[in-house]
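The values are calculated or read from the model by the stated rules, or taken from the named source; none is laboratory data. Values in this document were obtained by computation on a predicted structure and should not be read as measured data. FYI the Cβ positions are ideal-geometry reconstructions off the backbone, even for glycines, and counts take in every protein chain you see.
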């Protein structure tokens, strides 16, 4: 299944088969190796999240049931994304795309839960300004914002991402040629 056989000298293009230079083949191999290494970095991020839930890695604050659930979702998100990137590097783009879609669903799930889920939320807004760097001075800080404002901001983003997901899933099915 490995797509980069050393004997391969042709490549499928829109207008037929064309020769692939050694330089192109080398850059493809380098890209795939980079994808595998980059994917491993994401899988490591997911593993750290799972170690946090298991109590092996400790955070600054005590974990509640809700925070452990969100950390678990984050771990699944990073693990799925990393494995998808690795599989893409190994030449399995369809499976990689499926795992990428799962990672995107998990990402959107966190925003939907923050915006529309039960329970109280505490939001802060970061403010920073720089007037010519350190020499002339900097101002920064965090201030609390209302729960309603935070939920509206997260809700707007969540709804936009929901619409994007519907488009990703539905549009290819609608644009298929009918027999």
Hey, could you check the range 44-71 for residues that are touching a helix residue (DSSP H, G or I) at 6+ places or on another chain (Cβ under 6 Å) and closer than 17 Å to residue 119 by Cβ and say which is surrounded by the fewest Cβ atoms within 10 Å (Cβ to Cβ)? 68
Determine whether residue 95 is in a helix (DSSP H, G or I), in contact (Cβ under 8 Å) with a residue 24 or more places away in the chain and within 30 Å of residue 30 (Cβ to Cβ). no
Unique residue being closer than 29 Å to residue 156 by Cβ and more than 13 Å from the chain's Cα centre (by Cα) when the list is 32, 68: 68
Residue check: is residue 30 over 27 Å from residue 112 (Cβ atoms), at pLDDT 80 or above and in a helix (DSSP H, G or I)? yes
So if I check each of 66, 74, which one is within 22 Å of residue 151 (Cβ to Cβ), modelled with pLDDT under 90 and outside the structural domain of residue 152 (by TED's automatic domain parsing)? 66
